[in-house]
1. Between residue 210 and residue 112, what length in nm is gained on full extension when 0.36 nm per residue of separation is reduced by their alpha carbon distance?
2. Picking from 22, 170, 207, which is most flexible by a Gaussian network model of the chain using Cα springs under 10 Å?
3. According to a simple spin-label model (label point 7 Å from Cα along Cα-to-Cβ), what is the distance in nm between residue 131 and residue 5?
4. Ranking 14, 139, 29 by Cβ neighbours within 10 Å, fewest first, what do you get?
5. Among 175, 131, which comes first, second and so on when ranked by fewest other beta-carbon atoms within 10 Å?
6. How far is the Cα center of the range 177-191 from the Cα center of the range 96-126, in Å?
7. Considering only 47, 99, 264, give the residue with the highest GNM mean-square fluctuation for the chain, with springs between Cα atoms whenever their separation is below 10 Å.
8. Tell me which label goes with the value of Cα extents along the principal axes in Å computed from the coordinates here: (i) 64, 43, 40; (ii) 49, 42, 37; (iii) 57, 51, 34.
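Read-outs: derived from the displayed coordinates by stated rules, not from any lab. What you are looking at is a predicted structure, and each value in this text was computed from that prediction instead of being measured. Note that each Cβ is placed from the backbone with ideal geometry, even for glycine, and that neighbours are counted across all protein chains shown.
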């Protein structure tokens, strides 16, 4: 029993990373009406910022992460004001292609700015383990899980209980009507891009200690986050977050308990296959709802 609990706890740490990225994707989708394919590389670029600040200025991981989040917020503002705001009349597919263009631009700029050699980032809490019902989990993993839960609950509180959240939900529901009601939809979308970028760098800083910071280290996070959004449903803010944890736990359980060798190679592809089969019967996702427009 303690072995299963250990796997689940470890999975929740990975799920936290996917949850940050997934929330950013669905936030952009609901407010800017586009699928942001650049979410992962935005996180990658600003995680490089964190690593560069640590290497050049000797700041610790906590202060460097704050700098990275601020850089991500600025990048979110720039992307919306310079690019997306001038593409309002572009159709949905066109906007998706624009985000793919942003992805390619960032991939090209990153090695020019930070060099071709990878960086190493430490954990927020480098040492120590806690024991929960016989299962062991590192203090860093526990911190990552708690941080994710706190941030997501805070975001849901803002969305459901504040005027800013009402503006976001109104813009997500119908941008034109929201604008006619006096809601500054341009400001809403601008801050949505900034928040999504900040979420992506948090995911990057949490994922970096499992390997190195290089131009491709966020690829798996990006794919898993998209799958979480698809599984959870594009029409809700909480669905993708819950789905991110479901995907992470399912993947690790399959990788451990499938026959030797099979689970390691086929664990994640099997989860994706099961998601695709599930979507045949429930195409809107676990929490998604079909939008009905009255004429």
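1. Numbers: separation 98, 0.36 × 98 = 35.28 nm, distance 2.43 nm.
Full extension from residue 210 to residue 112 adds 32.9 nm.
2. 170
3. Here the modelled spin labels are 1.1 nm apart.
4. Arranged by neighbour count, lowest to highest, 14, 139, 29 become 139, 29, 14.
5. Working: 175 19, 131 9.
Lowest count first: 131, 175.
6. Cα centres, the range 177-191 to the range 96-126: 31 Å.
7. Result: 264 has the largest fluctuation of those listed.
8. Here the calculated entry is (iii).
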